[in-house]
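Throughout, read-outs are computed from the coordinates displayed, never taken from laboratory work. Bear in mind that the values here come from a model prediction, so they are computed numbers and not experimental data. Here Cβ is always computed from backbone atoms with ideal geometry, including for glycine, and neighbour counts include all displayed protein chains.
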Amino acid sequence: MNMQTILIVFFVLAGAGIVVAALFRKESEQQARNISVITGGSLAAGGGTGDENKDKQLAKQRADIAKKLKEASKEDADKNKEGSIKQLLIEAGFIETKPLRFWMYSAAFAMGIWLLLNFVASWPPIAVIFVTIASFLGLPKFFLKWKAARRQKKFLEEFPDALDASVRLLQAGMPVSEAIAMASREFTGPLKEEMTRIYENQKIGVPLGQAALETAHRVPLTEVYMFATALQIQSETGSSLREVLSNLSTIIRARFRLKRKVKALSSEAKASAAIIASLPLLVTLGLKFANPEYISLLYTTPKGKFLATCAIGWMSCGVLIMRQMINFKI
């Protein structure tokens with residue numbers, strides 16, 4: 001094994017390790033579901049009434065919601081550990097898709113990448129092996145995470161409006177099931193799908209709280225867990241939902257405002273990262289048109305292919321690191 005092969009193996013292993021670590025990086029544990037959102041927000045809304053009995057009742061209700069929310073979060077975390085691929089498929093909206101079919105699609109995709117690199121791009125064998133492994137294990141899972149995040153974002157965009165409409169119906173004296181049916185009729189996208197499932201499960205005899213908790217497993221967001229546990233407590237104790245749903249709607253809108261503010265503050269860093277990442281590609285294309293013989297050494301000679309592979313690998317690592325540095329979690 002000559003020195004060039006050793007260097008290729010080293011750079012490819014280092015780059016693949018960083019890329020795979022970034023792709024498989026677990027999201028921060030969601031067991032701490034910001035329970036203070038319920039306690040603090042409800043206290044602020046319920047303060048100043050002067051009715052001690054009502055305050056005690058509300059405090060007991062908030063404590064019950066916080067307890068059930070913590071239990072539900074722990075149960076969902078255990079389920080995620082048992083079958084991550086199955087859970088990701090459910091979160092991405094592919095509820096009917098089995099994990100076996102997902103792995104078959106991943107294998108077909110990796111085979112296509114392998115054929116492309118071998119017979120079209122003519123990459124070094126070591127690089128082809130590691131890119132194929134990443135195409136089989138990393139990219140499909142990354143696609144599922146992206147799809148799930150996009151679905152959750154669309155769900156949250158309409159969730160506050162659905163909660164406000166439900167509060168108005170509850171104030172008018174309508175039952176909770178009718179408010180959920182209204183949300184399934186009036187809204188679109190993932191919110192319509194999940195509310196329809198809650199309503200249909202409730203019609204066939206599933207308790208309303210249990211049906212909502214199943215929705216929280218499919219859309220594992222803090223706000224949905226709050227909604228599910230509030231419905232579960234309401235079905236068990238008959239307490240009022242108006243305060244909890246109203247506070248939840250206010251909190252979701254406040255989080256949206258905070259996210260937009262963070263996005264505005266980090267836009268300069270994101271623009272700089274995009275320019276730095278695209279600069280090598282633009283320079284390469286410019287040299288391709290200005291002096292093709294000069295730049296062709298990168299993909300016609302063994303040393304040029306080696307340098308190009310190392311450059312692509314390390315640029316990818318740099319882009320992923322920069323993305324993690326400017327990707328704020330709220």
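Name the residue from Leu298, Gly318, Ile275 whose Cα lies farthest towards the positive end of the charge dipole of segment 266-330, charges +1 on Cβ of Lys and Arg and -1 on Cβ of Asp and Glu. Towards the positive end, the residue furthest out is Gly318.
Placing +1 on each Lys and Arg Cβ and -1 on each Asp and Glu Cβ, with no other charges, gives segment 266-330 a dipole about its Cα centre of roughly 180 debye. Given their separation in residues at 0.36 nm each and the Cα-Cα distance between them, Ser316 and Val283 gain 10.2 nm when the chain is fully extended.
For the residue pairs Lys86/Lys192; Lys98/Lys305; Lys203/Lys263, the alpha carbons lie more than 31 Å apart in Lys98/Lys305; Lys203/Lys263. Here each label is just a point 7 Å from Cα along the line to Cβ, and for Lys147 and Asp161 those points are 2.6 nm apart.
Histogrammed with a bin width of 10 Å, the alpha carbon distances of segment 266-330 distribute as 19, 40, 26, 12, 2 percent, first bin at zero.
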